[in-house]
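In what follows, a structure is listed as structure tokens, so that the remarks can point back to it.
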Amino acid sequence: MTDLTPRQLDTLARGLAAFDGAAGARRSRRAVIRASLLLAGIAVAVIAADGMLNPTARGLPAYVEIIGDDLQLAAELEMANACERVARADGRLRVVECIVTGRGGPGAR
């Protein structure tokens, strides 16, 4: 192998340092792109899962109430049982008459 002059060695060292710097920058860009794609995929998955797990909450009118637990359902059924006359008007159900229950629950008149 031929001997290199100090100037050639210096040029070679600078070239190798520049190559290492460019390779490191390329690796960093790839890592950032992978992380960004992973985060975007996670965000899409969370949004899709939210839409699938709670499909009834979207697009419902403001007066619609979602019953969340068994106690609330029991109270609503008790009130519905106390009401004898329910009429439909303007696309809505309206309670016309309710009887007084022994506990004086909601909907009693």
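Going by the conditions given, is Ala25 under 19 Å from the mean Cα position of the chain (by Cα) and at pLDDT 80 or above? So Ala25 fails the test.
Examine the range 8-21 for a residue that is at pLDDT 85 or above and either polar (S, T, N, Q) or touching a helix residue (DSSP H, G or I) at 6+ places or on another chain (Cβ under 6 Å) (or both), and state whether such a residue exists.
Yes, some residue in the range 8-21 is at pLDDT 85 or above and either polar (S, T, N, Q) or touching a helix residue (DSSP H, G or I) at 6+ places or on another chain (Cβ under 6 Å) (or both).
The values are calculated or read from the model by the stated rules, or taken from the named source; none is laboratory data. Remember, it's a predicted structure, so these values are computed and weren't measured experimentally. Methodologically, a virtual Cβ is constructed for each residue, glycine included, from the backbone with ideal geometry; neighbour enumeration extends over all protein chains shown.
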